[in-house]
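The values are calculated or read from the model by the stated rules, or taken from the named source; none is laboratory data. From a predicted model like this one, the values you see are computed outputs, not experimental measurements. No Cβ is skipped: glycine too gets one built from the backbone with ideal geometry, and neighbour counts run over all protein chains shown.
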Amino acid sequence: MGPEATAATELFGERLPLAIRYATLLSTVGIEHGLIGPREAGRVWDRHLLNCAAVTDLLPGSARVVDVGSGAGLPGIVLALRRPDLRVDLVEPLQRRVNFLVMAVEQLGLSDSVRVHHGRAEEPAIREIVGRCEWVTARAVAPLARLVRWCLPLLTPGGRLLALKGRSAAEELRRDEIAIRRAGGTAGRVIECEIPGMDEPSRVIAIQRTALRKRKGTS
């Protein structure tokens, strides 16, 4: 058994068959509809599923999570696959991706824990539907300075944004520190989530939304 298979077995446990079904969807329908590139077919596990699955260790039991710019369901669907206790809202602006997400959620039997929303995180209607949550995730959506403007308003004070990033996570965090604070976030920190048997961890920038400040002249 190779390192990817070992990691997949340890991370997904008894839900591994569901993860395999999702990997097959990504490698077939996902490529056909342009959700992932053709060259990604051989890297679905190490580049996508395992990378996202490791992040679930940061989430408490029965948490509600809003996944912004969910795309093909990364990390949102993976979170729900590994952790059936989570309630996950997938927010995606492109209709063809929404169509895939709806199909994947139905075929994987996740309809009780996963909802799909067509729209952008910054739209008032989307904020009304999914906002006031304690956890927001995002992967490969936008630079951090833009991402915090979209995601932090969805959080309750004290809620956290988990932004999945690559090796330059620490550099990006330093670069956008002022923008993060202006958007209402803490300085943030980089968390490395180990993947069993793999050399490269998942890197997550965790940013907490600060308490709302009262405007001058208000009681």
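Some observations on this one:
- A Cβ distance below 7 Å, combined with a sequence gap of six or more or placement on separate chains, defines the contacts here; from region 30-45, residues that are touching a residue at least 40 places away in the same chain (Cβ under 8 Å) and under 14 Å from residue 20 (Cα atoms) reach residues that are assigned to a helix (DSSP H, G or I) and among the charged types (D, E, K, R) in the pairs 45/4.
- Number of residues in region 122-143 that are at pLDDT 95 or above, within 16 Å of the chain's Cα centre (by Cα) and more than 13 Å from residue 71 (Cβ to Cβ): the value is 5.
- All positions within region 34-77 that are under 19 Å from residue 120 (Cβ atoms) and hydroxyl-bearing (Ser, Thr, Tyr): 70
- Looking at region 15-103, the helices (runs of 4 or more DSSP H) lying wholly inside it that each contain 2 or more residues that are among the hydroxyl-bearing types (Ser, Thr, Tyr) and at pLDDT 95 or above sit at 16-25.
- Filter result for residue 161 (in contact with a helix residue (DSSP H, G or I) (Cβ under 9 Å, 6 or more places away or on another chain) and modelled with pLDDT of 95 or more): yes
- Residues located in region 1-19, provided they are free of Cβ contacts under 8 Å to residues at least 12 places away in the same chain, surrounded by 13 or more Cβ atoms within 10 Å (Cβ to Cβ) and not hydroxyl-bearing (Ser, Thr, Tyr): 16
- When every residue of region 133-144 is checked against the conditions, none turns out to be of a type outside the set (Gly, Ala, Ser), crowded, with 16+ Cβ neighbours inside 10 Å and free of Cβ contacts under 8 Å to residues at least 40 places away in the same chain.
- Residue in region 67-86 that is among the polar types (S, T, N, Q) and closer than 14 Å to residue 101 by Cα present: yes
- Which numbered condition residue 126 misses (of (1) of a type outside the set (Phe, Trp, Tyr); (2) buried (at least 21 other Cβ atoms within 10 Å of the Cβ); (3) at positive phi): (3)
- Qualifying positions in region 20-29 - touching a residue at least 60 places away in the same chain (Cβ under 8 Å) and of a type outside the set (Phe, Trp, Tyr): 21, 25, 29
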